[in-house]
Amino acid sequence: MNTDILFAFAGLITAAIIAAYGIPSIIKVANIKKLYDKPGGRKTHKGFVPNLGGIPIFAAFFIAFLCWADFSGSSQWQYLLLGLIILHFIGVKDDISPLVPAKKLMGQVLAASILVIPGRFRINNLHGVLGIHQLPMAIAIPLSIFAVIVIINSFNLIDGIDGLAAGLSIIIAAAFAVTFWQKGMYNPLVAAMILTGALISFLFYNHQPARIFMGDTGSMGIGYLMAAFSFEFVNIANMPGKALFHHNPSVVIAFLIIPLFDTLRVFSLRIFNKKSPFTADRNHVHHRLQSLGLEHKNISLIFYSVNILFIGLAFLMKDLNPNVFILVIVGTSVFLASVPNFLLHQRAKWETGKIQPAPAIHITTIFANQAVESVPAKQPVANKMPLN
């Protein structure tokens, strides 16, 4: 097992080096060919930023995995790479010349089907979630394909500000890697570590102000790999070896809670407002935080901290019933997601004069009140300015 972690770190370093050398080249080519993500509309960046960062991420993962993975025991991982290649070229096409959603969805279904059916990455057991354990194949296959598509699109949608999707993915992939290492799962460990290495190099160029975006090429590929890691995580419950977490879908939900919950939230709001769930808007939580005046780097740090919090909850509550645990993490997510909206609502009331903040909490107001008391009765007192 010690050699496993050494090879995994070798894979991480290999991917980090390939991505570090590849990203500047992609930026240069994108500038020459004017392949930019243009500002305007819902987009918050101000300049013309290349959006093909998914290409060096894919190249780093693919080359490093071919170097360090073990393909002797099973063809399972070859099918994962095949699906990843299909998804990669769909993403490149979409980043250069946007595809209609139906065509993009067809490509996602094809890649997910390859991963689930011949690749055998699937959810075979819910381990007591909703009282369900072993799943028949007729349910496991379509459920798994649907789950892959949901996870792909959740990472696609969370990629809205500088550094957010890359940083979250590093945290999640590292958490998966720890569990795979504890269970002696070599290929999943190597894959998670390689993805982490590629994203560390990418984040160096993607933090605010971003010099490159990962685009759909990167976000869809990351979501695809996270789905594969999730299935491997759930299906190793009966393997020997200690583990920090129980291997059931509730823990996977805790790992992926930010992209999954945000996607569910915005889709629900759109449907409630009688709009297509695929209609673009600014209802994501990171958009709400932007409206409060926070910068990209601060928003990303908040989300990193929240994701680490949920991973910590998965560790602390690992002996809790999975159904109760899901209620806890969903309830916590609802509360945290409502905070920006509450603050925006309060600010709107202050700006329209419907409510005033309590004077006692402002030290300037305290001093102003003292000054008023010391003024002689006949001397006019200046009106206090309203506090914004």
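The values are calculated or read from the model by the stated rules, or taken from the named source; none is laboratory data. The model shown is predicted, which means the values in this text are computed figures rather than measured ones. Every residue, glycine among them, receives a Cβ derived from its backbone with ideal geometry; neighbour counts consider all protein chains shown.
Of note, Ala198 satisfies the criterion of being farther than 27 Å from Lys318 by Cα and touching a Phe, Trp or Tyr at 6+ places or on another chain (Cβ under 9 Å). Counted as qualifying within the stretch 247-358 are the helices (runs of 4 or more DSSP H) with 3 or more residues that are within 14 Å of the chain's Cα centre (by Cα) and either of a type outside the set (Phe, Trp, Tyr) or surrounded by fewer than 20 Cβ atoms within 10 Å (Cβ to Cβ) (or both), namely 249-255, 257-272, 296-316.
Which one is nearest to Leu105 (Cα to Cα) among residues in the stretch 127-152 that are surrounded by 12 or more Cβ atoms within 10 Å (Cβ to Cβ) and of a type in the set (Gly, Ala, Ser)? The extreme case among them is Ala147.
Residue-wise test of (1) at pLDDT 95 or above; (2) in a loop (DSSP other than H, G, I, E, B); (3) under 30 Å from Asp319 (Cβ atoms); (4) within 20 Å of the chain's Cα centre (by Cα).
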site	(1), (2), (3), (4)
Leu99	no, yes, no, no
Lys104	no, no, no, yes
Leu110	yes, no, no, no
Arg122	no, yes, yes, no
Val150	yes, no, yes, yes
Ile161	no, yes, no, yes
